[in-house]
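Here the structure comes first, spelled out in structure tokens, and everything after it is commentary.
The values are calculated or read from the model by the stated rules, or taken from the named source; none is laboratory data. Because the structure is a prediction, the values reported are computed rather than measured. We place every Cβ from the backbone using ideal geometry, glycine too, and count neighbours over all the protein chains shown. What goes into the accessible areas is simple: the full protein's heavy atoms, side chains included, and nothing from ligands, DNA or RNA. Shrake-Rupley method; radii C 1.70, N 1.55, O 1.52, S 1.80 Å.
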Amino acid sequence: MSDTDRGAVAQSDDKAKSKSMTKTKAKTPRKSGKPQKTISLALQGGGSHGAFTWGVLDRLLEDEEIAIEAISGTSAGAMNAAVVTSGFAKGGHDGARADLETFWQAVSEAARYSPLQRSPIDILFGNWSLENSLAYMWLDMSAKMFSPYDLNPAGDNPLAAILKDVVDFKALNESPAKLFITATNVETGQGRVFRNPDISVDVLLASACLPTIYKAIEIDGVPYWDGGYSGNPSLGPLVLECGSDDTVLVQINPVKRPGIPKSSRDIANRLNEVSFNSSLMKELRMISILRKDAPEHVCEASKWGAMRMHCIASEAMLEFDQSSKMNAEWSFMTKLRDTGRDAASAFLTRHRRDIGVRPSLDLDLFAPDYMKQ
């Protein structure tokens, strides 16, 4: 048997085990009458790194003490949010978990024959990056010379068919669970937050529309790009429109990365992280300032100041570069899923008692320098 055949068999076995695991979990009934802690979720975008968030959600959904009131998501975070909201409306916690797995399997399956694959050397050394892939190099170079209007004039996006197959948009539109999806208005540069009744396939595609790969998505005549440029994710709706004062940020783009990037690849990778974290950092700084200085009689300010922020993240995400966000191998998806589950379990072990009582994320880390003096 060739190495390629062994890899195919291993991937097939992994999928079979994963499906079996989901079916086994679905048979386990959830207990009732247990006190619950209500939270809102803020889900970042980051391509296939969104499979980390899949793992986090999978772990939170199996916890009987956690109730999710609302989700704000951008790009891959928007996909996860929509799948969870739809799946929960159809089949409760187990339905949401099953649909998440179905979605990520479909994403991996759609990319199976894509030219964007790891090089043999990277496979040999267990490197998940696509930097050495000839197809990735061509894509990176062509993006500097051509636009998607030249290379993909039809605007084809395989995610469209997957979303139509997995997400029940009628159930999502009517769900009492609040959903907030951010996309960036190309003409104004401002973020727009779409809510349940207005969320469609086009809204989700707009939230994940990288302008170097896809044509802008037009909604009601307005062109939109990836929401990560303006809100990754947007915290405002969770603060001002939800009852829960506890928001859990699921972070997949590292805020801090030790060392000075010196190679062109490392510099591009760090720029990607900084740019897709910038809008979030501004909102966290606002919460940090208002928690200290907000006048109690100012309604909106007091809501911002009262928000208890928490964060689920993993230092393991530092291992992966920008190019790996386009790696959709099933083995990579499940690795990220397991990393997300572990991170969520660690968070619950350390901070379960903080939910509803105190923030577990130190917002002073995001305060401007003059506030620290």
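The residues of the range 258-280 include none that are in contact with a helix residue (DSSP H, G or I) (Cβ under 6 Å, 6 or more places away or on another chain) and open to solvent by 60 Å² or more (accessible area, probe 1.4 Å).
Taking the criterion of being open to solvent by 10 Å² or more (accessible area, probe 1.4 Å) and in contact with an Asp or Glu (Cβ under 9 Å, 6 or more places away or on another chain), the residues of the range 222-235 that qualify are Val222, Pro223, Ser234. Whether any residue in the range 338-352 is modelled with pLDDT under 85 and open to solvent by 60 Å² or more (accessible area, probe 1.4 Å) is what I want to check. Among the residues of the range 338-352, not one is modelled with pLDDT under 85 and open to solvent by 60 Å² or more (accessible area, probe 1.4 Å), which makes the answer no. Scan the range 353-363 for residues that are in a helix (DSSP H, G or I) and open to solvent by 70 Å² or more (accessible area, probe 1.4 Å) and the total you get is 1. Against the definition (part of a helix (DSSP H, G or I) and at negative phi), how does Gly92 come out, yes or no? Judged against the criteria, Gly92 is not a match.
Among the criteria (1) outside any helix (DSSP H, G or I); (2) open to solvent by less than 30 Å² (accessible area, probe 1.4 Å), the one Glu64 does not fulfil is (2).
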